[in-house]
Each structure stands twice: as structure tokens, then as C-alpha cells.
Amino acid sequence: AHAKANLLLLSNGLAIIPSKLIFFEMDSDRFELLELPLELKRRVASFLATRDAVNMTRLCRTLRNNLALTHLEPIRPVFSTYRRSGDERSGDNWVRAFRIPVLNRRVHSIRMEALWRDQGWGSRATECRIVGYPADSEIPDEVTPDGSAFEGGRIVCQSGIAEHNEERLRLTFTPIEGEIYNFFYKVGGGGGDVHVLNMRDGLLHTIIFDDEQRNFSKNYRILFEEGVLCRQVAGDGQPTTPDTTSLFFPRMLISVSRALRRQLQEDDMEINVADPPRTVPEDELEAFLAEYSIPLNSGSLVALEEIVQADIEERMIRKSEQAREEAQRIEGERTPTLHLPAGFFFGPGAAIPDGVQQNPQLVIQHMMQVQANAFEDDNREPDAENGV
């Protein structure tokens, strides 16, 4: 804040006059911020960096309540340790490591944090980035150094080059609807060094637009701590999410919440009845939610449904990922791999013809033919030109 000019300057060139709450750009028309509808206020804030958006909420109580920027807790773990090394052949390629889950459309920004470093000596080449791809697109597992495959995606943030000593890595981006975000890394290869990516204690911070009663963040904490929501947990350094892909219980919870919300709306409409009759199922469901400190009102139930719906979408994405991984595994089992003995050598006249290299069965047949041609009879040694 520039106190002398009573002006709040934002990093993207916009400015706010706090005393008059006027939002403007240089050489453009002014408009009063408080006159905008709630959705437009949040839309404006979504274009601001997290720090600028938070400063915007400090201008007045109305903006603070309208934007309701909230840091979701508990903070979501991504991995405990993650270590990868590169080589001369593929170390300079960008490799897809894992997907970053996005809660839902309420998200203002996401920040992934971790402690990271390279191999600790030699040249430095390790870096990483987060790339967003359309949800229905094919996401590559590996991208060549020129980055041509990123043309189908959107690089939303990227790091500098990792230091030899451990430092804090922070990658922040604003998700948009219809995109899936993946973490890519490049370890580095060449130069005679063994390049390594070392990361640990990966965490995911999510800033959301809550409602004025903070129903979303409160219910999120309850559902997360009770194990209702899928979690991002590292196993052996490889992130796995979620705990299960079953949709039965999340969908049941949404159905229960919608039934209660309809009942609340019907109770509000019965203005001519002093005490509307209550049903046993309604009392039981209300007692169930009260046991977990979930308020029984429309705002709280809407927030609960949004949280669980986002969780269902996450499970469906993970289910699709698991199906693709299983298909790749089965395809790999069907494709036999030829393992040649150590020291095996084809002579100059035994070059494998085009179209044979990729078929192990044809390679073996070709090897046998080469050997047969090398012997004139059972007692003759292999020919130096064509033998094995």
C-alpha cells in the first residue's frame, strides 16, 4: 500500500483507491468496485496474485465478506519423498510425475510446496513445471527437450534450476475449469554428471472463495478428518490418489444432503403451519449431521454437496487413470521382450533386416538361419564373416 497517495498498487498494473473504493487502470475509465455483483468481484480477484487478492479483502469489511478468501485446512500432503535420476539418453526430457488434484470451481489459487535440491555437486540442470491440459486430451508421459508436446497444454508455472543445497520450492497457479494439471520434471543429462531430483515433504495449499459463514472450509475440515474425502498420500515416493475409487458412499451422502435441503425448503414454505410435522428419518439424519458438528442449514448443506461432488470428480479421474495404467500393463505383458545373452554378437554378414528388429520371434528365426548358414556340416566352426 502506498500510504502517501492513499493508493493500493497491484502487481498486474491495476490500482485501487481505498478511500473511495474505485478500481481503475491507467488511461481508462473508472468503476466502483462495491457496485459489482458478487460473481464479478470474485472474477476480478481471480486475476490477481494471491497476495494482491488478500490485500484487496483488507480494504473493507464488505469485500472481506464477499470474497471470503480462505486457506483450506488440513493442508493436503502430496508426497513424503520423491527422487528421480537422469541419464545421457533421456535426462533432458520432461517427464510427467503426477497429477495435482483441484478441489472445485471455488479455488482461487493452488500452491505446491516442497523441499528440493539436485545431486549436490557438479553442473545444475534439474527443474520442474506444472502444465495444464484439457480434461479430454491425451497427456504425454514424456516430452522431448524442445517441449513441442507442451503445445497441447498450458504451462501455468515453472521453477528455476535446483540448487545443490536444499531449498523451498513454491509453484503457484490459478486453475481454470476444464483443465487437468500435471507436475513435470527435467533432471538433466550429459556433461559427465549424474543428475538427480530430490524432493521431500510435498504439500498442497489451496485458497478458495468461501461463503460469508465459512461453511465450505468448516465442512471440508470435518469431512477430511473423518476420512470421507480421498487423500493424496505418498507410497515409496510415488503419489497415489485417492484411497479408493468407489463412488457409492459419496453419492449416498449427496443424496442425503439434498433430501434434507428439500425438507428445509418445504418447511420454510409452510408459513401457515405453526409447527410443521417432522418425520423420523428427518430427525435421524439431523442427529447424524449434528454428531459431526455439521450445521443443518441450506448454506452448510450446499457446501457439503460441492465438496463431495468435487471428491467424486477426483475419484472418477483416478479411476480413469487406473484403467489406463492397467491397459498399459496388460499391453506390456502381451508384447514379449527379447533378452540377448551378454556378449552376443552378430557378424558383419548377420545384420538384422528391416521389419525384423521389432519382432522377437523373427529375430530368433533370423539368428537360427544365420547360424545354419555358417556351418557346412556339424563339425565345422562358425564362419568368421557370418557366424555368431
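Out of Thr50, Thr81, Thr70, which single residue is within 20 Å of Ala303 (Cα to Cα), at pLDDT 90 or above and not acidic (Asp, Glu)? Outline the logic, then answer.
Details: Thr50 fails: within 20 Å of Ala303 (Cα to Cα); Thr81 fails: within 20 Å of Ala303 (Cα to Cα).
Residue meeting the stated conditions: Thr70.
Residue under question is Ala135, and the condition is that it be among the small types (Gly, Ala, Ser) and modelled with pLDDT under 95; does it hold?
Yes, satisfied.
Please enumerate the residues belonging to the stretch 123-148 that are surrounded by fewer than 17 Cβ atoms within 10 Å (Cβ to Cβ), among the small types (Gly, Ala, Ser), on the phi < 0 side of the Ramachandran plot and more than 16 Å from the chain's Cα centre (by Cα).
Listed by number, the residues that qualify are Ser123, Ser148.
If you scan the stretch 28-84, which residues turn out to be open to solvent by 80 Å² or more (accessible area, probe 1.4 Å) and part of a strand (DSSP E or B)?
Phe31, Glu32, Arg83
Has the stretch 319-340 got any residue that is surrounded by 13 or more Cβ atoms within 10 Å (Cβ to Cβ), under 30 Å from Gly202 (Cβ atoms) and modelled with pLDDT under 85?
Scanning the stretch 319-340, I find at least one residue that is surrounded by 13 or more Cβ atoms within 10 Å (Cβ to Cβ), under 30 Å from Gly202 (Cβ atoms) and modelled with pLDDT under 85, so the answer is yes.
Just to be sure, is Glu212 assigned to a loop (DSSP other than H, G, I, E, B), of a type in the set (D, E, K, R), under 17 Å from the mean Cα position of the chain (by Cα) and at pLDDT below 95?
Working: assigned to a loop (DSSP other than H, G, I, E, B): yes; of a type in the set (D, E, K, R): yes; under 17 Å from the mean Cα position of the chain (by Cα): no; at pLDDT below 95: yes.
For Glu212, the condition - assigned to a loop (DSSP other than H, G, I, E, B), of a type in the set (D, E, K, R), under 17 Å from the mean Cα position of the chain (by Cα) and at pLDDT below 95 - is not met.
Mind counting the residues in the stretch 150-159 that are outside any strand (DSSP E or B) and open to solvent by 40 Å² or more (accessible area, probe 1.4 Å)? It would help to see each step written out before you state the result.
First pass over the stretch 150-159, keeping only residues outside any strand (DSSP E or B): 150-153, 159.
If we keep only those that are open to solvent by 40 Å² or more (accessible area, probe 1.4 Å) as well, we get 151-152.
Going through the stretch 150-159 one residue at a time, the tally reaches 2.
Report whether or not Ala303 is modelled with pLDDT of 85 or more, over 24 Å from Asp210 (Cβ atoms) and in a helix (DSSP H, G or I). Step through it out loud before you land on a result.
Details: modelled with pLDDT of 85 or more: yes; over 24 Å from Asp210 (Cβ atoms): no; in a helix (DSSP H, G or I): yes.
Answer is no for this residue.
Do we have Gly153 as within 24 Å of Phe47 (Cα to Cα), in contact (Cβ under 8 Å) with a residue 12 or more places away in the chain and out of contact with any His (no Cβ under 7 Å at 6 or more places or on another chain) here?
yes
Identify the residue in the stretch 160-205 that is surrounded by fewer than 17 Cβ atoms within 10 Å (Cβ to Cβ) and small (Gly, Ala, Ser) and, among all such residues, is farthest from Ala53 (Cα to Cα).
Gly192
A quick yes/no check of all residues on (1) open to solvent by 40 Å² or more (accessible area, probe 1.4 Å); (2) at pLDDT 90 or above; (3) over 21 Å from Asn219 (Cβ atoms):
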residue	(1), (2), (3)
Pro239	no, no, yes
Phe248	yes, no, no
Ile254	no, yes, no
Ser257	no, yes, no
Glu270	yes, no, yes
Phe288	yes, no, no
Gly299	no, yes, no
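So which residues in the stretch 85-117 are open to solvent by less than 40 Å² (accessible area, probe 1.4 Å), within 23 Å of Val143 (Cα to Cα) and assigned to a loop (DSSP other than H, G, I, E, B), if there are any at all?
Correct list: Gly86, Ser90, Gly91, Asn93, Pro101.
The values are calculated or read from the model by the stated rules, or taken from the named source; none is laboratory data. Predicted, not measured: the structure shown is a model, and the values here were computed from it. Here the Cβ is made from the backbone with ideal geometry for all residues, glycine too, and neighbour counts use every protein chain on show. Surface areas here come from the heavy atoms of the whole protein model, side chains and all, with no ligands, DNA or RNA. Shrake-Rupley method; radii C 1.70, N 1.55, O 1.52, S 1.80 Å.
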